[in-house]
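The values are calculated or read from the model by the stated rules, or taken from the named source; none is laboratory data. Source: prediction; values computed, not measured. When we count neighbours, we look across all protein chains shown, and the Cβ atoms used for this are built from the backbone with ideal geometry, even at glycine.
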Amino acid sequence: MSEQIYDIAIIGGGIVGAATFYKIQKAYPSLKILLIEKENQFANHQTGNNSGVIHSGLYYTPGSLKAKNCVQGRHELVAFAKEHNIAHDVCGKVVVATKESELPFMEKIYNNGIANKTEGIEKITGEQVKDFEPFVEGNCRYLGAYARELSIIVEQPKK
């Protein structure tokens, strides 16, 4: 067995490890990089079991690194998916208040979305929810449902 020497080793072959590998490789193509995964295939642990939904920054403090990462990462992910012909859907997300007591939180996440420059965010009424999601059940009488046009669902590998 011959010894191999790498400049960088990344542990974890899920979405974060693979994205880190990709970005470093693009920035420093001469480096020898090793991606190590404990599972029998990449993205088979947490990444392979999530919903594939990419968030747009509604829940994070305006200006925080998490918020900036959500917005920038969403743009980069769509560009990457288009460039590499990866199935994805740029779709909406509806966040709904089911009780009047939830309305202050709805206002907070709406304001976060505006401050974080989340495109396509708007306030909608309970009746308008059915325009976005016709199969919604229950009483949508509470105002304060909000829609976001720019959630993204990325196709997951088949298991």
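Taking every residue in segment 1-19 that is within 25 Å of residue 78 (Cα to Cα) and pairing it with any residue that is modelled with pLDDT of 90 or more and part of a loop (DSSP other than H, G, I, E, B), at least 6 positions away or on another chain, the pairs with Cβ-Cβ distances below 6 Å are 13/37.
Based on this model, can you work out whether residue 70 counts as touching a residue at least 24 places away in the same chain (Cβ under 8 Å), on the phi < 0 side of the Ramachandran plot and in a helix (DSSP H, G or I)? Talk me through it step by step, then tell me what you get.
Values: touching a residue at least 24 places away in the same chain (Cβ under 8 Å): yes; on the phi < 0 side of the Ramachandran plot: yes; in a helix (DSSP H, G or I): yes.
Yes.
Taking segment 89-102 only, how many residues are outside any loop (DSSP other than H, G, I, E, B) and in contact with a Phe, Trp or Tyr (Cβ under 7 Å, 6 or more places away or on another chain)?
Here is the first cut: in segment 89-102, the ones outside any loop (DSSP other than H, G, I, E, B) are 89-95, 100-102.
Applying the additional criterion that residues be in contact with a Phe, Trp or Tyr (Cβ under 7 Å, 6 or more places away or on another chain) yields 92, 94-95, 100.
Adding up the residues that qualify gives 4.
Number of residues in segment 82-130 that are surrounded by fewer than 18 Cβ atoms within 10 Å (Cβ to Cβ), basic (Lys, Arg) and within 19 Å of residue 55 (Cα to Cα) equals 4. Against the condition modelled with pLDDT of 90 or more, out of contact with any Phe, Trp or Tyr (no Cβ under 6 Å at 6 or more places or on another chain), surrounded by 11 or more Cβ atoms within 10 Å (Cβ to Cβ) and not assigned by TED's automatic domain parsing to the domain that holds residue 84, how does residue 42 come out, does it pass? No: the conditions fail for residue 42.
Does segment 20-33 hold any residues that are exposed (fewer than 12 other Cβ atoms within 10 Å of the Cβ), of a type in the set (A, V, I, L, M, F, W, C) and under 23 Å from residue 75 (Cα atoms), and which are they? Across segment 20-33, the qualifying residue is only 27.
Kindly indicate the residue of segment 53-66 that is buried (at least 17 other Cβ atoms within 10 Å of the Cβ) and within 19 Å of residue 90 (Cβ to Cβ) and also modelled with the highest pLDDT among those meeting that condition.
Residues of segment 53-66 that are buried (at least 17 other Cβ atoms within 10 Å of the Cβ), as a first pass: 54-58, 60.
In the following step, the residues that additionally are within 19 Å of residue 90 (Cβ to Cβ) were identified as 54-58.
Details: 54: 73, 55: 73, 56: 74, 57: 78, 58: 83.
Among them, the one singled out is 58.
For residue 79, the stated conditions do not hold, so it cannot be described as aliphatic (A, V, I, L, M) and in contact (Cβ under 8 Å) with a residue 24 or more places away in the chain.
Quick one: would you say residue 79 is loosely packed, with under 12 Cβ neighbours inside 10 Å, of a type in the set (A, V, I, L, M) and under 26 Å from residue 116 (Cα atoms)? Steps first, please.
Details: loosely packed, with under 12 Cβ neighbours inside 10 Å: yes; of a type in the set (A, V, I, L, M): yes; under 26 Å from residue 116 (Cα atoms): yes.
So residue 79 fits the description; yes.
Using the structure shown, decide if residue 25 is at pLDDT below 90, polar (S, T, N, Q) and over 30 Å from residue 126 (Cα atoms). So residue 25 fails the test. Applying the set (1) assigned by TED's automatic domain parsing to the domain that holds residue 130; (2) part of a helix (DSSP H, G or I) to residue 85 leaves exactly one unmet item: (2).
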